[in-house]
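Encoded as structure tokens, the structure appears first; notes follow it.
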Amino acid sequence: MLGFLWPFFFFIVAELVNTSILPPQPFITRTELLWTPGVGEITAYRIPVITQCYDGSVVTFSEARKYESGDRGPKFIAFRKSKNAGQSWSTTRFLVDDWTHPDGLNLGAVIVDKEVKTLILLYSTCAHFQCTTRNMTARQFQIRSNDCGETWSKPIDLAKANHDLFNWTWTAGPGYGIQKTLKPHKGRLIVCGHTNVLPMGLYCIFSDDHGFTWERGAKLLSIPYAGPLYQGSFAPTENQVVELKDGTLYFDARNEYKYRCHCRIYFNSTDGGYTIPIETLNFNSVAVDPTCDGSILLHNDVLYMSHANNDTQRVNTTLRWSMDYGKTWPYSMNVNPGDSGYSCLTRLSDNHIGLVYEKNIGPLWFVKIQLHL
């Protein structure tokens, strides 16, 4: 008598086992040392940046720091590429050389413009105003590739097209920028970062002409604006942005002076990156953080986060995932329990994501993570 119900029963079971509605059960399938210091002038590799290019290849960048491991010294921009979802990597190439400038370049963010098939990398110089060999002038540059990193343009100063960006101590990311795929401002390139001088805070730039000209956009400044800033002051700094399924921008940021919690903070923009209303500020109390850069990635309607999961020390690289676009974070997986630092996430395939992260001060590691059995 109930035979007519069997098709409905099988439909319900099929929906329940559909991985698109079940939480992922990630596990690491590959671990690889991408960069290690000690060769030539390089003392440390830091600030991992990674993304998937428009042709499916994966590109990764880092700061190859010369002579010392600190933020200010001279550096190369190091680059590697994988054409098989992280199974193997090209040899290292150095795209930009800082020579011996005392306040060297800082990464930075990579952006993929799928509309015109262009890869853009942003970096800054003199971000700390200690650049006596550069006339104490802060600048932002981009290099561009039309073949997913096989060849690159010469550095282009962003201030040449917009003087408002001249001598601005802003550094992108670190991580990746986005191209909006939904309204408002579909097709817009958006990159967010931070400044190192007062008023400190989170700032975004955007481009509506595929990165040829850039304008200042949303910002969220430290309080008090003019300082001084102490432990407990409000100052969002390094950050990552993703676009949610309704076109809203979701920001995850470093809570520089541990305002109200030793945790990461997040907020939203609904106007395409023009403004970030302070009313959208929230605290991710689950994601405890020692004030360090982290990363987020929206992949198949699941929001992923990587960060150093400790309230005082840069240790315990952890992957988290949220099924409700960052409202709750009930799931997590440990990636590295020891010394950790900055990290960056990317899509590899429908069932895989990649993570590049700092392990100790110097080497950078890549892990390939399968999401479902």
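The values are calculated or read from the model by the stated rules, or taken from the named source; none is laboratory data. All of these numbers come straight from a predicted model, not from anything done at the bench. Note that we place each Cβ from the backbone using ideal geometry, even for glycine, and neighbour counts take in every protein chain shown. Remember, those area values only see protein heavy atoms, side chains included, never the ligands or the DNA or RNA. Shrake-Rupley method; radii C 1.70, N 1.55, O 1.52, S 1.80 Å.
Observations on the structure shown:
- By the Cβ-Cβ criterion of under 4.7 Å, the unpaired cysteines of the chain are Cys292, Cys344.
- Stretch gain in nm, segment Thr100-Asp311, where the contour uses 0.36 nm per residue and the Cα spacing is subtracted: 72.4 nm
- Residues with amide H under 5 Å from that of Leu348, placed H, sequence gap 5 or more: Ile353, Gly354
- For the pair Val197 and Ser69, label points projected 7 Å from Cα toward Cβ lie 2.9 nm apart.
- Of Asp324, Asp252, Asp157, the residue with the greatest mean-square motion in the GNM of the chain, using alpha carbon springs below 10 Å, is Asp324.
- Between amide H atoms placed 1.01 Å from N, distances below 5 Å from Lys186 occur with no residue 5 or more places distant or on a separate chain.
- Asp289 long-range amide H proximity, modeled H, under 5 Å: Cys263, Arg264, Asn310
- In sequence order, calculated HN-Hα J values of the stretch 335-351 (Karplus, 6.51, -1.76, 1.60; Hz; x Gly/Pro): 9, 8, x, x, 4, 9, x, 5, 8, 8, 9, 8, 6, 10, 7, 4, 10
- Once exposed loop GluC sites (Glu not before Pro) are cut out (DSSP; at most 14 other Cβ, 10 Å), longest piece of the chain: 151-373
- Label-to-label distance, nm, for residues given as Leu182 and Thr137 (7 Å Cα→Cβ offset): 4.2
- Backbone phi angles across the stretch 223-230, fed through the Karplus curve with coefficients 6.51, -1.76 and 1.60 (θ = phi - 60°), yield HN-Hα couplings of 10, x, 4, 8, x, x, 10, 10 Hz in residue order; Gly and Pro are listed as x.
- Apolar share of the accessible surface for the chain: 55 percent from carbon plus sulfur atoms, 1.4 Å probe.
- Each residue of the stretch 104-109 was assigned a 3J(HN,Hα) from its phi angle through the Karplus curve 6.51 cos²θ - 1.76 cosθ + 1.60 (θ = phi - 60°); the sequence is x, 5, 9, 6, x, 8 Hz, with glycine and proline shown as x.
- For the stretch 221-317, the square roots of the Cα gyration tensor eigenvalues, ordered a ≥ b ≥ c, give a/c of at least 1.5 with a/b no greater than b/c, which places it in the oblate category.
- Stretch gain in nm, segment Asp164-Lys117, where the contour uses 0.36 nm per residue and the Cα spacing is subtracted: 14.2 nm
- The length gained on full extension between Tyr274 and Asp350, counted as 0.36 nm times the residue separation minus their Cα-Cα distance, comes to 24.2 nm.
- Rounded to 10°, Cα long-axis angle of helix 6-17 versus longest principal axis of the chain: 20
- Computed over the chain, the ratio Rg/Rh where both radii use C-alpha atoms and Rh is Kirkwood: 0.98
- Qualifying trypsin sites (Lys or Arg not before Pro) in the stretch 233-288, DSSP loop, other Cβ atoms within 10 Å at most 13: Lys245, Arg260
- Accessible surface area normalised per residue over the chain is 42 Å², counting heavy atoms of protein chains with a 1.4 Å rolling probe.
- As a calculated quantity, the FRET efficiency between Lys81 and Asn300 at R0 = 25 Å, using C-beta atoms, amounts to about 0.55.
- Long pairs among Lys117/Lys186; Lys180/Lys219; Lys81/Lys114; Lys186/Lys327; Lys154/Lys359; Lys114/Lys368, criterion Cα-Cα beyond 20 Å: Lys186/Lys327; Lys154/Lys359; Lys114/Lys368
- Computed over every Cα-Cα pair of the stretch 320-373 and binned at 10 Å starting from 0, the pair-distance distribution P(r) comes out as 20, 48, 29, 3 percent.
- Taking every C-alpha pair closer than 8 Å and separated by at least 6 residues, the mean separation divided by the residue count of the stretch 244-333 gives a relative contact order of 21 percent.
- Projected label points at Leu244 and Ile28, each 7 Å from Cα along the beta carbon direction, are separated by 3.2 nanometres.
- Computed magnitude of the charge dipole of the chain (debye, nearest 20; Cβ of K, R +1, Cβ of D, E -1): 300
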